[in-house]
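Here's the structure, in structure tokens; my notes come after.
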Amino acid sequence: MKLLAFETATEACSVALWIDGEVIERHALAPRRHAELALPWADELLGESGIKRSQLDAVAVGRGPGAFTGVRLAVALAQGIALALDIPVLPISTLAVLAAGVPSRSVFAGELDSTLAANPHILAAIDARMGELYLGAFESTTDGLVVALGSELLAPPQQPIDWQLLAGNVASEQSPTHERWIGAGSGFAASDSALVATIGASLIQHDPNALPHAADLARMAAAAYARGEAIAAERVEPAYLRNKVALTLQEQGKR
């Protein structure tokens, strides 16, 4: 199975090519350069592998949440390629992609094997700006992927988290109770690391520099493809979690 993956929902631009279990990737911290880099990188990966676009079986896309322009770009690229080739799309949560990279990409990767085995719960957090975070709670699985524990949320980092909505049965409504969490993403650095203080002692470790990678997106998408979860390109919808792009001048405290 051959699959092309685009993840551009954060400041990182990431493109990957999955070929029968092997994956190659282009990834860089490239704010405001996603539109410039994503498609040329895809062509480079195809060229290096000797694969033609017509040989692709599907396209994977990080559907958000994240930066509005980045999410729209990835979805547009995936839909355009899929429609042109008459192949399906696999939309995957950007928060899930971020969480899936924790075992291999976290700065704590060398220490995480036993921790994930005993407490396989990962909290992915992306800085949504405007004093809010995108949050998703996941469980690490034995095959190296993740499954969502509840709903993805948009929330201020300083306020109590609705753990029952975010993490379902593994947490009570207002606290993570006995569960321990590994954190990943820019949300842990936002607002002077307010989320770290909000979670408190239940946060075992966290990596505020973790970013979603298209290679992890490709791994998740390949598994989803095998489960028959690919959909038609026209059915792909971005996940914004909010409709507001910026604060008004009044909300910014400006005249």
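The values are calculated or read from the model by the stated rules, or taken from the named source; none is laboratory data. Just so it is clear, the structure is predicted and the values come from calculations on it, not from any experiment. We place every Cβ from the backbone using ideal geometry, glycine too, and count neighbours over all the protein chains shown. Remember, those area values only see protein heavy atoms, side chains included, never the ligands or the DNA or RNA. Shrake-Rupley method; radii C 1.70, N 1.55, O 1.52, S 1.80 Å.
Inter-label distance, residue 169 to residue 223: 1.9 nm, where each label sits 7 Å from its Cα along the C-beta direction.
Heavy atoms of the protein chains alone define the surface here; on that basis segment 1-149 has 40 Å² accessible area per residue at 1.4 Å probe size.
Take the solvent-accessible surface of the protein heavy atoms, probe 1.4 Å, and return the percent of it on the chain that carbon and sulfur atoms account for. It is 50 percent, rounded to a whole number. Between residue 237 and residue 141, what is the label-to-label distance in nm when each label sits 7 Å out along the Cα-to-Cβ direction? According to this spin-label approximation, the distance is 2.4 nm. The stretch between residue 36 and residue 24 holds 2.4 nm of extra length on full extension. This uses 0.36 nm per residue minus the Cα-Cα distance. With the helix formula -39500 (n - 2.57) applied to DSSP H stretches of n ≥ 4, the chain reaches a computed 222 nm mean residue ellipticity of -9500 deg cm²/dmol.
Between residue 72 and residue 201, what's the calculated FRET efficiency when r is the beta-carbon distance and R0 is 30 Å? Round to 0.05. Walk me through the numbers on the way to the answer.
Details: r = 39 Å, r/R0 = 1.30.
Efficiency for this residue pair is about 0.15.
The simple Förster model, with R0 at 35 Å and r as the Cβ-Cβ distance, assigns residue 129 and residue 43 a FRET efficiency of 0.65. The string of couplings for segment 67-81 from the Karplus curve (6.51, -1.76, 1.60, θ = phi - 60°) is 5, 4, 5, x, 5, 4, 4, 4, 5, 5, 4, 5, 5, x, 5 Hz, one whole number per residue in order, with x for Gly and Pro. Within the full protein context, the accessible area of residue 121 is estimated at about 10 Å² for a probe radius of 1.4 Å. When Kirkwood radius over Cα pairs in Å is calculated for this entry, the matching label among (i) 19.5; (ii) 20.1; (iii) 18.4 is (iii).
Segment 138-152 and segment 46-101 have Cα centres lying 20 Å from one another.
Considering Cα pairs under 8 angstrom that are at least six residues apart, work out the relative contact order of segment 33-82 and quote it in whole percent.
36
Taking R0 as 45 Å, what's the FRET efficiency between residue 154 and residue 52 from their Cβ-Cβ distance, rounded to 0.05?
On the way: r = 40 Å, r/R0 = 0.90.
Plugging the Cβ-Cβ distance into 1/(1 + (r/R0)^6) gives 0.65.
Using heavy atoms of the protein chains and a probe of 1.4 Å, the accessible area assigned to residue 191 is about 50 Å².
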